[in-house]
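The values are calculated or read from the model by the stated rules, or taken from the named source; none is laboratory data. Source: prediction; values computed, not measured. All Cβ positions, glycine included, derive from the backbone under ideal geometry; neighbour counts span all protein chains shown. Heads up: the accessible areas ignore ligands, DNA and RNA and are worked out on the full protein's heavy atoms, side chains in. Shrake-Rupley method; radii C 1.70, N 1.55, O 1.52, S 1.80 Å.
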Amino acid sequence: MVLMSQLVLIVGIFYFLLIRPQRKERQRHQEMLGKLSRGDQVMTNGGILGVIIHATDRALTIRTGENTRIVVDRGHIARKIEAE
């Protein structure tokens with residue numbers, strides 16, 4: 001019985017320290033991706049900074065330089081850069 005209660009305690013600790021925070025972060029990231037629109041400054045997972053000039057359900061066209069445009073999958077956006 002003691003072994004079983006220790007096992008349940010370990011599983012509970014793993015859930016509250018690892019699984020639950022990761023799930024909340026993934027949900028927050030999905031909400032951020034859904035709210036992206038034209039004119040937002042973003043950073044990709046590869047570290048490319050740019051401004052969204054066209055957005056569809058699956059892809060974003062980002063202006064990265066003077067006339068450089070790249071098309072990126074929405075899932076590869078790491079974060080939105082807030083104006084200071």
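Of all positions in region 74-81, at least one carries a residue that is touching a residue at least 40 places away in the same chain (Cβ under 8 Å), charged (D, E, K, R) and open to solvent by 100 Å² or more (accessible area, probe 1.4 Å). Per this entry, Arg38 is not counted among residues that are open to solvent by 70 Å² or more (accessible area, probe 1.4 Å), in a helix (DSSP H, G or I) and either modelled with pLDDT under 95 or not polar (S, T, N, Q) (or both).
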